[in-house]
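Asker: Sharing a structure with you now.
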Amino acid sequence: MPPSRPTVTCSINTSSHTAFHTAHNNRMIYESHSHTPLCKHAQGTPTEYAAAAHRAGMPGITITCHNPMPDRFSVHVRMDPEQWDEYIRIVAQAAEEWRGKVDVRLGLEADYYPGHVDFVRKQIAENPLSYVIGSVHPQTPEYRRDFRTDDPLRDQITYFNMLADAAETGLFDCISHPDLIKNETPDDWQTERLLDTIARVLDRIAASNTAMELNTSGRYKKITEMNPFPQMLQMMHEREIPVVIGADAHVPDRVGEGYPEALALLQQAGYDEVLYFIDRQPQRVAISQALQYDWGK
Ligand SMILES: [Zn+2]
Ligand SMILES: [Zn+2]
């Protein structure tokens, strides 16, 4: 592990970060969702993602690549278990190269999947992660095999309930892109018939003290809007569920993309602050402050 300095990745010495936090808190947010080529469907090194964060005027970036899972579970879209050390090494290398300019952090996008929770719990406990995203990915072959039926509404309800199951494990700081299921059967996406389910799911997530993500990459999916949809953001706000913005960048140029629009969406939903995480601790930023920032894109 590199020595403890304010911009070191995966340092567990939080006291050494105090000066840095004072300098940046309440001014500007980190990119909280970005990938590496280790997941086999992203391009660019962590160093290049950090450079993109710098161009966007962001003080930090957390690299959150897709976690290794057991039994070759959707191995075609995530790093292999034996690549874990390489993951830590390339993020630490980026942290070193950008020290003093961009705070590069080791994070993880970990899948929630029934039967694999203990594996993920151990993985998170054993590693010095700054931020852990919990994801349900309904587009994987395993998910489709195990949960897809011929009834889209039933599948959508299954998915939303699984988000609450994920939050209730207590393993994750944030639940990602929390309406991704809409892109599985976009012709059968009618939010009105799901609102009761979503309300109950959000009650459970609020009680679990887990944040939720506003993911700007939804604009590139079949239903071209950020995840989740605006009314769901309102329902999250009614329950005081904090929100982390993430670009879910699979190429460096997407770092920070859509943040001003995401901040405006959150304001419309009633939010006045947004979070990111450092060393698993929430950092709060006033949306009014973040909107004043001179965004690089
Ligand atoms: Zn991905
Ligand atoms: Zn992601």
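The values are calculated or read from the model by the stated rules, or taken from the named source; none is laboratory data. None of the values given here were measured: they were computed from a predicted structure. Using ideal geometry, Cβ is built from the backbone for each residue, glycine included, and neighbour counts are taken over all protein chains shown.
Asker: Have a look at Arg239, Arg254, Arg280 and point out the one that is within 16 Å of ligand 1 (Cβ to nearest atom) and among the basic types (Lys, Arg).
Answerer: On inspection, the qualifying residue turns out to be Arg254.
Asker: Need pairs with beta-carbon distance below 7 Å; first residue farther than 20 Å from Ser34 by Cα and among the aromatic types (Phe, Trp, Tyr) and within region 276-296, second part of a loop (DSSP other than H, G, I, E, B) and at pLDDT below 90; sequence gap 6+ or separate chains.
Answerer: Tyr293/Met28
Asker: Between a residue in region 189-213 that is on the phi > 0 side of the Ramachandran plot and of a type outside the set (Val, Ile, Thr) and any residue that is assigned to a loop (DSSP other than H, G, I, E, B) and exposed (fewer than 13 other Cβ atoms within 10 Å of the Cβ), which pairs come within a Cβ distance under 9 Å, given they are 6 or more apart or on different chains?
Answerer: Partner pairs satisfying both residue conditions: Asn209/Gly170.
Asker: Still on this structure, I have one more. Pull up region 237-259, narrow it to residues that are assigned to a strand (DSSP E or B) and either hydrophobic (A, V, I, L, M, F, W, C) or without any contact (Cβ under 8 Å) to a residue 24 or more places away in the chain (or both), then point me to the one that is nearest to ligand 2 (Cβ to nearest atom).
Answerer: Our first condition is that a residue be assigned to a strand (DSSP E or B); within region 237-259, this holds for 243-246, 249.
Narrowing the set further to residues that are either hydrophobic (A, V, I, L, M, F, W, C) or without any contact (Cβ under 8 Å) to a residue 24 or more places away in the chain (or both) leaves 243-245, 249.
Numbers: Val243: 16, Val244: 12, Ile245: 13, Ala249: 8 Å.
Per the criteria, the residue is Ala249.
Asker: Still on this structure, please answer the following. At least 1 residues that are more than 21 Å from Tyr259 (Cβ to Cβ) and within 16 Å of ligand 2 (Cβ to nearest atom) in each: list the helices (runs of 4 or more DSSP H) lying fully within region 17-136 that qualify. Break it down stepwise before answering.
Answerer: Values: elements: 18-24, 46-55, 84-97, 117-125.
It comes to 84-97, 117-125.
Asker: Turning to a different aspect of this structure: Looking only at region 139-150, how many residues end up being in contact with a helix residue (DSSP H, G or I) (Cβ under 9 Å, 6 or more places away or on another chain), free of Cβ contacts under 8 Å to residues at least 24 places away in the same chain and under 12 Å from Thr185 (Cβ atoms)?
Answerer: Residues flagged as in contact with a helix residue (DSSP H, G or I) (Cβ under 9 Å, 6 or more places away or on another chain), free of Cβ contacts under 8 Å to residues at least 24 places away in the same chain and under 12 Å from Thr185 (Cβ atoms) within region 139-150 amount to 1.
Asker: Give me a count of the residues in region 210-236 that are farther than 20 Å from Gly60 by Cβ and within 16 Å of ligand 2 (Cβ to nearest atom). So that I can check it myself, show each step before the final result.
Answerer: Residues of region 210-236 farther than 20 Å from Gly60 by Cβ: 210, 212, 218-236.
Imposing the further condition that a residue be within 16 Å of ligand 2 (Cβ to nearest atom) reduces the set to 212, 218-221, 226-228.
Residues meeting the conditions: 8.
Asker: It is to be established whether one or more residues within region 143-162 are of a type in the set (S, T, N, Q), surrounded by 18 or more Cβ atoms within 10 Å (Cβ to Cβ) and over 17 Å from Ile278 (Cα atoms).
Answerer: Within region 143-162 (the criterion being of a type in the set (S, T, N, Q), surrounded by 18 or more Cβ atoms within 10 Å (Cβ to Cβ) and over 17 Å from Ile278 (Cα atoms)), the answer is yes, since at least one residue qualifies.
Asker: Here's a follow-up. Have a look at Arg121, Arg72, Arg89 and point out the one that is surrounded by fewer than 16 Cβ atoms within 10 Å (Cβ to Cβ), at positive phi and either modelled with pLDDT under 95 or more than 15 Å from ligand 1 (Cβ to nearest atom) (or both). Reasoning before the result, please.
Answerer: Details: Arg121 fails: at positive phi; Arg89 fails: at positive phi.
Arg72 is the lone residue from the list that is surrounded by fewer than 16 Cβ atoms within 10 Å (Cβ to Cβ), at positive phi and either modelled with pLDDT under 95 or more than 15 Å from ligand 1 (Cβ to nearest atom) (or both).
Asker: Name the residue that is surrounded by the fewest Cβ atoms within 10 Å (Cβ to Cβ), counting only residues in region 175-204 that are in a loop (DSSP other than H, G, I, E, B) and in contact with a strand residue (DSSP E or B) (Cβ under 8 Å, 6 or more places away or on another chain). Before you say what the answer is, go through the steps one by one.
Answerer: We begin by selecting, within region 175-204, every residue in a loop (DSSP other than H, G, I, E, B); these are 176-179, 184-185, 189-190.
Then keep just the ones that are in contact with a strand residue (DSSP E or B) (Cβ under 8 Å, 6 or more places away or on another chain); that gives 176-179.
Numbers: Ser176: 28, His177: 27, Pro178: 30, Asp179: 23.
Top of the filtered list is Asp179.
Asker: Conditions first: (1) part of a loop (DSSP other than H, G, I, E, B); (2) of a type in the set (Gly, Ala, Ser); (3) within 19 Å of Ser217 (Cβ to Cβ). Gly270 passes all but one, so which condition is the exception?
Answerer: All conditions are met except number (3).
Asker: Any idea how many residues of region 216-229 are touching a residue at least 24 places away in the same chain (Cβ under 8 Å) and out of contact with any Pro (no Cβ under 8 Å at 6 or more places or on another chain)? Explain how you work it out, then say what you get.
Answerer: Of all residues in region 216-229, those touching a residue at least 24 places away in the same chain (Cβ under 8 Å) come to 216-219, 221-223, 226-229.
Applying the additional criterion that residues be out of contact with any Pro (no Cβ under 8 Å at 6 or more places or on another chain) yields 216-219, 221, 226, 229.
Residues in region 216-229 being touching a residue at least 24 places away in the same chain (Cβ under 8 Å) and out of contact with any Pro (no Cβ under 8 Å at 6 or more places or on another chain): 7 in total.
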